[in-house]
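Right, one structure below, let's go through it.
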């Protein structure tokens with residue numbers, strides 16, 4: 001029992017010492033910001049340019065470099081308590097959702113496309129997974145996704 005009391009007393013003393021050290025440090029002047037240039041470079045010389053980017057074959061195209069994105073949507077699309085159906089063939093599930101130029105298009109399995117004004121790019125971004133591949137043509141992407 002006495003060894004527990006001694007152990008607690010040691011912890012309390014350590015806590016007291018830590019608190020006193022904190023008070024001493026808190027009263028000191030703040031540390032100045034580190035210099036922005038490395039010490040080896042002279043003040044008048046420009047910093048060396050280092051190419052730290054990935055090689056071109058490993059880079060993912062930015063949003064500006066792609067025409068659009070698409071994802072499969074096997075479920076019915078329900079908007080405002082209404083199931084969206086294809087205007088041409090009446091299909092209501094197994095869609096391909098296309099996002100291009102801030103517009104959302106639905107494409108049915110038969111290849112009919114319709115602009116869906118009730119969906120927007122933030123909706124697409126919330127529901128789309130990560131990009132797993134890029135394709136040069138629209139048909140290549142459809143083939144990749146099984147349409």
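Listed values, structure above:
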{"item": "Extension reserve of the residue 142-residue 75 stretch, reckoned as 0.36 nm per residue once the Cα distance is removed", "result": "22.4 nm"}
{"item": "Fraction of the pair-distance distribution of segment 66-144 above 18 Å, Cα-Cα pairs, percent", "result": "38 percent"}
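Only the coordinates and a few stated rules stand behind these numbers; no lab work does. Being a predicted model, the structure only gives us computed values, none of them experimental.
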